[in-house]
Amino acid sequence: MIDVELRERIAALMPQAREELSELVAIRSVADPRQFPPEECLHAAEWVADRFACVGFDDVRLVETADGSNAVIGSRACANADAPTVLLYAHYDVQPPLDEGAWHTPPFRLTEVNGRWYGRGAADCKGNILVHLTALRALGEGVPVNLKLVVEGSEEQGTGGLESFVPEHPDLLRADTILVCDTGNAAVGRPAVTVSLRGMVNVVVAVEALTSELHSGVFGGAAPDALAALVAMLATLRDEQGNTSVQGLPNTQVWPGAAYPPEQFRHDAGLPEEAMLLGDGTVADMLWARSALTILGIDCPRVVGSAAAIAPRARARLNLRIPPGVTPEQATAALARHLKEVAPWQVRVTVDVETAGHPFLAATTGPAYRAMSDAMEAAYGTPMTELGQGGSIPLCTVFANTYPEAEIVLIGVEEPLTLIHAPNESVDPEEIADMALTEALFLQIYSAACG
C-alpha cells in the first residue's frame, strides 16, 4: 500500500475518529475517587477494550493492577510468525479539569474552536488512543507485525499500578519495540520523538511551630510562626535567577540536542515578549537537562476568614523534576536534607514522599528509530527531530528494566499548544491524522527492515 492510499484512508476515517474522541472525552475518567466516581474509569476502560476488539485484538481484556485501576491489554498476531512484535501504549485516565470557570468550552465535551478540538484528554492521552485505532483501521488486514496492547488507567495519578504489573507479568507485554504514545511533536507539523524524560519526586513538607493558634498581638514577635518559617524555607529552593538551588543537586547541566528558541517558548507558554525566562541556562537546559522545583500547593489559612493569629502549622506540596543522571533516591534525600537544614527557629519539619519516578534516556540507534525517522519524514514531509520532555513517564524506566532488548519510542499528538494538564486542553486534528499515518507507515517500514 503506497503513502497516497494510506493518506486517503486516514482522511476518510477522521469523521469516525472525531465521533469516537467525542465519546471518550465525555467519560470523566479521572482516576481519583475523591473527585469522580470510579465507574467513570471503568466505563473508559470498557470503551477502549471494545474498540480494540473491533480492530482484531481478539483476546482484549481488563486486568486490575495494584492501585485498583484497570489496564486494557490484548494482542493481535499477523500472518508471519517471524515478524517483530510491537507493543502499543496509551492511557485513558485524565487530569481533573481544575477550574472549570477557566475553560472556554465544557471540559468533558469535545468542542471545535478555530480548527482545534477542545476537551480534557483530547490530547493527553485520548487523542493518542485514536491515533492507534485510526492507524490500524487504515491498514486493515495488512498489519505486518505482531501487536500487543496496554492502555493504562492511572497514569496521571502516579500511583504506579501498571509500573508494578509489568515486572510481575513480563511475558504478557514483551515486545521488540514499544510505542509509548504519550508525548508529542515540537509544534504542529514538526515531527519529533522524545528521547529524554525527567523523573519526578513529589513530597509534602510539614512545619509545626506551636501546639495551637496564638493571638498575634499578644504573642507575635516572640512566638515562632510556622507559615513564616515555611515561606522562608521555600524561598531557598530557587536563587535570584530562578535556578533550582536544592543543596546536593547539580544545576549546571547542558542539553546536547536541538535548541528550544526563547521566542518559541514564550509563544508556546503564552508569555509576553518582555517576560523574563528563569535560569542561567538555555530554555532547553532548564526544561530537559536540569532539575526544576515547583510549589504545587500550600495549606495555610485563607485570606477570607483568617484571624489575627499566629499559624501553628503549615504544609506545602512540592514537585521536583529530575533529569537523567539523577535518581529519585538522590533527589529525595537532597530535598529533605535541604528543607530541614534551612528551617529557622527550631521548628519541627517532616518531609513525606508521595511518589517518585526515574528519569529516562532512550537508545536511538536501532531499527525502530530508523523506521520511525523514515515514517515521520514521509508523513510530514520534513525530517524528524529529537526532543527532551520535562514531564515524567516512570513506566518508561520500568519498560527499559523489564525489557532491556526492546526499543522504546516516545511519540504522540501533544505539541505545545495542547495545554495538557491545564484548562482549555485541545488537539489539532491534523496531528491525529498525521500521527496515525506515521504509525501505519512505521509498522510497514519496521516490518520490512526486520524481515
### Task
Name the single residue, out of those in segment 115-155 being under 27 Å from I420 (Cα atoms) and open to solvent by 20 Å² or more (accessible area, probe 1.4 Å), that is nearest to the chain's Cα centre (by Cα).
E155
### Query
If you go through segment 235-259 one residue at a time, how many are of a type in the set (S, T, Y), under 13 Å from R290 (Cβ atoms), part of a loop (DSSP other than H, G, I, E, B) and open to solvent by less than 60 Å² (accessible area, probe 1.4 Å)?
1
### Task
Can you run down the residue pairs with Cβ atoms below 9 Å, 6 or more apart or on separate chains, where the first is in segment 48-67 and over 16 Å from G161 (Cα atoms) and the partner is assigned to a helix (DSSP H, G or I) and of a type in the set (F, W, Y)?
V60/F52
### Task
Check off (1) touching a strand residue (DSSP E or B) at 6+ places or on another chain (Cβ under 9 Å); (2) under 14 Å from V188 (Cβ atoms); (3) outside any loop (DSSP other than H, G, I, E, B); (4) at pLDDT 95 or above for L417 and give me the number that stays unchecked.
(4)
### Task
Scan segment 280-295 and give yes if some residue there is more than 15 Å from G388 (Cα to Cα), modelled with pLDDT of 90 or more, under 22 Å from the mean Cα position of the chain (by Cα) and surrounded by fewer than 16 Cβ atoms within 10 Å (Cβ to Cβ), otherwise no.
yes
### Task
Starting from segment 419-442, keep only residues that are on the phi > 0 side of the Ramachandran plot, then list their pairs with residues that are open to solvent by less than 30 Å² (accessible area, probe 1.4 Å) whose Cβ atoms are within a distance under 8 Å, requiring at least 6 positions of separation or different chains.
L419/E425; L419/S426; H421/D124; N424/W103; N424/T105
### Query
Based on what the data block shows, is A334 under 30 Å from G217 (Cβ atoms) and of a type outside the set (D, E, K, R)?
no
### Task
Name the residue, out of V60, V55, V94, V25, that is at pLDDT 95 or above, open to solvent by less than 10 Å² (accessible area, probe 1.4 Å) and touching a Leu at 6+ places or on another chain (Cβ under 8 Å).
V25
#### Entry: Whichever residue in segment 190-234 is of a type in the set (A, V, I, L, M), open to solvent by less than 10 Å² (accessible area, probe 1.4 Å) and under 27 Å from the mean Cα position of the chain (by Cα) and, among such residues, is modelled with the lowest pLDDT
L197
### Query
Can you tell me which residues in segment 117-168 are more than 24 Å from L437 (Cα to Cα), small (G, A, S) and in a helix (DSSP H, G or I)?
G161, S164
#### Entry: Candidates L271, L287 - the one that is within 17 Å of L237 (Cα to Cα) and of a type outside the set (G, A, S)
L287
### Query
Quick check: is even one residue across segment 429-445 outside any helix (DSSP H, G or I) and either within 21 Å of the chain's Cα centre (by Cα) or surrounded by fewer than 20 Cβ atoms within 10 Å (Cβ to Cβ) (or both)?
no
### Query
What pairs come up if the first residue lies in segment 343-357 and is under 24 Å from T211 (Cα atoms), the second is open to solvent by 80 Å² or more (accessible area, probe 1.4 Å), and their beta carbons are under 6 Å apart, counting only those six or more places apart or on different chains?
V349/K340
### Query
Taking segment 156-171 on its own, how many of its residues are in contact with a helix residue (DSSP H, G or I) (Cβ under 9 Å, 6 or more places away or on another chain) and open to solvent by 30 Å² or more (accessible area, probe 1.4 Å)?
4
### Task
Quick one: which strands (runs of 3 or more DSSP E) lie wholly within segment 56-99 and hold at least 2 residues that are farther than 17 Å from L149 by Cβ and out of contact with any Phe, Trp or Tyr (no Cβ under 8 Å at 6 or more places or on another chain)?
none
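The values are calculated or read from the model by the stated rules, or taken from the named source; none is laboratory data. Note that the structure is a prediction, hence the values are computed from the model and not measured. When we count neighbours, we look across all protein chains shown, and the Cβ atoms used for this are built from the backbone with ideal geometry, even at glycine. What goes into the accessible areas is simple: the full protein's heavy atoms, side chains included, and nothing from ligands, DNA or RNA. Shrake-Rupley method; radii C 1.70, N 1.55, O 1.52, S 1.80 Å.
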